[in-house]
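Engineer: Below you'll find the structure I mean.
What follows is calculated from the coordinates using simple rules that are stated; it is not laboratory data. As the structure is a prediction and not an experimental result, all values here were calculated from the model. Cβ sites come from the backbone with ideal geometry, for glycine too, and all protein chains shown count toward neighbours.
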Amino acid sequence: MTITERPAEEPRPSDPRAPTSPAARVYWQARDTWTVTKRNLRHFMRQPRLLVFSTIQPVMFVVLFAFVFGGIATVALPEGTEYIDFLLPGLFVQSAAFRSTQTAVGLAEDLERGVVDRFRSMPMSRAAVLAGRTLADLVRSLAVIVLMIAVGYLIGFRFTQGVLGAIGAILVVALFGYLMSWLFCWMALHVPGAEAAQTAGFVIVFPMVFASSIFVPLETMPDWLATFAAQSPLTHAADAARALSIGGEALRPALLTIAWCVGLLAIVIPLAVRRYRTIT
Amino acid sequence: MPDAPAVVVDDVQKRFGDTVALSGVDLAVAEGEVLGLLGPNGAGKTTLVRVLVTLLRPDTGSARIFGHDVVTEASTVRRLIGLTGQYAAVDELLTGRENLRMFGELFHLSRREAARRADDLLERFDLAVAGDRPARTYSGGMRRRLDLASSLLIRPRLLFLDEPTTGLDPRSRSAIWDITRELVAEGTTLLLTTQYLEEADQLADRIAVIDHGHIIAEGTGDDLKDEIGGQVVDIVLTDAAQRPAACRAVPDADLGQGDRNLRVSVPAGDALQALSRVSLALRDAEIRVRDVGLRRPTLDDVFLQLTGGDPSATSPPEGTASGTEEGVA
């Protein structure tokens, strides 16, 4: 192995790269996060199994639920509402919730890999590994929603509240998915290993998804369940996305969703970052 | 603090549950020095490195890197060090080039600078051809080289190599050694952990032997060899059956490792005299030998003795316990 001469301008650690001002710190935090995000998106593209599974699954859900339950569900819907129109905005939320368990799995896998040790011994932003993970998952979540809309349009779904309504629906779901990602990030930092993270995620998300207005109107549920489901942030998110997509009372569920998300994010992000710093 | 030593470890202790990983380690490394931290598996080498690179907090005691505390000034310390671990810490799904660019950007080089450094390092570490393949497809030696390159995006003042060649074939090992020597020649301070004596002997200026979580000996390879005694006369008999007779002829001989081996310690300065005494005694007793020669103890001997490998090997065998009298002069 012959060694070429070292370039004279090689960067030295004495370079004043330590962020001094708060503005510089924010800049580097953002750039580190983006670097880690790019890495995670590349991972996603390079795991064909994951890629296929996580795109086929939501498409399957759209088609299966629409055709299997469409027949009976229409009965419970207001006059003239097609089940696919009711269902698809709810499925955005379901998909974002399921997708967020993958945040836990991805992070848990990362923690088992040596590369995170390198990250942690480097002078990079402490939060970037988590922020890059949740941001990459947000991008994936958005891509999956767009795919679901495309499939939905093929089988009769239509936005009726204009482009702004459609964008609003997507943004509400994205915000909700982002919250779920951070929650599962935090959870993954407390359970040992990827499998545990996956199992824990499933056990929490599955009942939450069904005990909400994602698949059926709350009026069809027994009282106790409807009472519980009415308080669920998944119901708020589904109601907001639905109203913004096909009409109805949008403001209240949208504000409730935003309140839940902003409030919980303000708690869970610092908790997760602190946990990440202290685990060995 | 420009004149602070590269590493100062002061009574560092670390337990994991009931296991004591480090039980009071004191250690110093001067800038520009290469310290070999030698110890068997489980001795605490990796734990100590993880404390020094800010991945683990010590339970008690303190450690400073160029004067900066690894706990309270962790982010400053991270700017000064590079780490190449026992298990290559590279991203398997990214290509070699993408790995280096990513680490470069995370070291806060500009994109262009990171890309240029990545190309340089791929070239330098003989990975240019494989640069656009995922690291997952690399051989063990290539991964280790990529891992080492990842520590050098910004040239660290202090580089930690934690068992850099464990599990590598001899050719890959010598490639890592070559690179390491060049880094040292360029003035990088190095803390190298290894369980290979030869590696410590080849690369390190000074060796610290660690066992059961504390440093049990420190010095140059020669110091350590001297510590367990000077030269020995090593005897290999042709016929194992003659060993009892040989022991009678040379009463101060220790039994060596094989069943045809004997060993006689040589008093300082008396090497040739001891050799001739042993040779004559064996000839007079008509004992056939395959080999008689002077030998310095190897680091293997040092290691075994210090870590309690086989205490009997260094004490006189039974029946010659009183055999410290001067031999035939």
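Engineer: Would segment B:1-91 count as rounded, prolate or oblate if I go by the C-alpha gyration tensor, calling it rounded below 1.5 in a/c and otherwise prolate when a/b exceeds b/c, oblate otherwise?
Structural biologist: Details: a/c = 1.44, a/b = 1.25, b/c = 1.16.
Cα axes put segment B:1-91 in the rounded bin.
Engineer: Helix A:48-76 against the longest principal axis of chain A: what's the angle in degrees, Cα atoms only, rounded to the nearest 10?
Structural biologist: Value to nearest ten degrees: 20.
Engineer: Given points 7 Å out from each Cα along the Cα-Cβ axis, report the A:Thr220 to B:Asp222 separation in nanometres with one decimal.
Structural biologist: My value for the distance between the label points is 8.8 nm.
Engineer: While we're here: What is the ratio of the Cα radius of gyration of chain B to 2.2 N^0.38 Å, where N is its residue count, to two decimals?
Structural biologist: Numbers: Rg = 24.5 Å, N = 329, 2.2 N^0.38 = 19.9 Å.
This ratio for chain B stands at 1.23.
Engineer: Using alpha carbon centroids, what distance separates segment A:26-47 and segment A:96-152, in Å?
Structural biologist: 9 Å
Engineer: I want to verify a result. In a Gaussian network model of chain B, Cα cutoff 10 Å, which of these has the top mean-square fluctuation: B:Leu22, B:Leu48, B:Leu122?
Structural biologist: Looking only at B:Leu22, B:Leu48, B:Leu122, the biggest GNM fluctuation is shown by B:Leu122.
Engineer: Ok, one more. Would you mind giving the mean number of other chain beta-carbons within 10 Å of the Cβ of each residue in A:32-40, as a whole number?
Structural biologist: Working: counts 3, 0, 1, 9, 3, 0, 5, 8, 1.
Averaged over the peptide's residues, the number is 3.
Engineer: For a footprinting-style exposure proxy, rank A:Cys261, A:Cys185 by other Cβ within 10 Å, fewest first.
Structural biologist: On the way: A:Cys261 22, A:Cys185 29.
Listed from fewest to most nearby Cβ atoms, that is A:Cys261, A:Cys185.
Engineer: How would you rank B:Thr60, B:Thr165, going from fewest to most other Cβ atoms within 10 Å of each one's own Cβ?
Structural biologist: Values: B:Thr60 12, B:Thr165 25.
So the residues, fewest neighbours to most, are B:Thr60, B:Thr165.
Engineer: Full-extension gain between B:Asp291 and B:Asp259, please, as 0.36 nm times their residue separation minus the C-alpha to C-alpha distance. Intermediate results must be reported in sequence, preceding the final value.
Structural biologist: Working: separation 32, 0.36 × 32 = 11.52 nm, distance 1.39 nm.
Extending this stretch completely gives an extra 10.1 nm.
Engineer: Could you please report the charge total around A:Asn40, scoring K, R as +1 and D, E as -1 over all other residues with beta-carbon less than 12 angstrom from its beta-carbon?
Structural biologist: Values: positive: A:Lys38, A:Arg39, A:Arg42, A:Arg46, A:Arg133, A:Arg140; negative: A:Glu109, A:Asp110, A:Asp137, B:Asp91.
Summing Lys/Arg as +1 and Asp/Glu as -1 gives +2.
Engineer: Loop only by DSSP, 13 or fewer other Cβ within 10 Å of the Cβ. Give me the GluC sites (Glu not before Pro) in segment B:94-199 that pass, ordered by residue number. Could you put the intermediate results ahead of the total?
Structural biologist: Numbers: sites: B:Glu98, B:Glu105, B:Glu113, B:Glu123, B:Glu182, B:Glu186, B:Glu198, B:Glu199; in loops: B:Glu186.
Sparse-neighbourhood loop GluC sites (Glu not before Pro): B:Glu186.
Engineer: Measuring from label point to label point, each 7 Å out along Cα→Cβ, what is the B:Asp18 to A:Val26 span in nm?
Structural biologist: Each label point lies 7 Å from its Cα, and together they span 5.3 nm.
Engineer: Continuing with the same structure: When chain B is treated as a GNM, springs tying every alpha-carbon pair under 10 Å, which of B:Leu152, B:Leu294, B:Leu161 comes out with the largest mean-square fluctuation?
Structural biologist: Result: B:Leu294 has the largest fluctuation of those listed.
Engineer: Separate question: Which residue, A:Arg113, A:Arg133, A:Arg99, tops the fluctuation ranking in a GNM of chain A built on C-alpha contacts under 10 Å?
Structural biologist: Highest fluctuation of the listed residues: A:Arg113.
Engineer: Here is a further query. If you rank A:Tyr153, A:Tyr83 by fewest surrounding Cβ atoms within 10 Å, what's the result? Before the final figure, lay out each step's value.
Structural biologist: Details: A:Tyr153 13, A:Tyr83 23.
Result, fewest neighbours first: A:Tyr153, A:Tyr83.
Engineer: Mean separation of Cα pairs under 8 Å and 6+ residues apart, divided by the residue count of chain B: what relative contact order is that in percent?
Structural biologist: Working: 604 pairs, mean separation 60.3, N = 329.
Once divided by the residue count of chain B, the mean separation gives 18 percent.
Engineer: For an R0 of 60 angstrom, estimate the FRET efficiency from the Cβ-Cβ distance between B:Leu272 and A:Thr199 and round to the nearest 0.05.
Structural biologist: Numbers: r = 74 Å, r/R0 = 1.23.
Once the sixth-power term is evaluated, E becomes 0.25.
Engineer: Report, in degrees rounded to the nearest 10, the 0 to 90 angle that the Cα long axis of helix B:96-106 makes with the longest principal axis of chain B.
Structural biologist: Rounded to the nearest ten degrees, it is 70.
Engineer: Also, quick follow-up: For the protein assembly as shown, what size does the Cα cloud have along each of its three principal axes, sorted from largest down, in whole Å?
Structural biologist: 118, 54, 46
Engineer: If you average the C-alpha positions of segment A:211-266 and of segment B:4-58 separately, how far apart do those two centres end up, in angstrom?
Structural biologist: 54 Å
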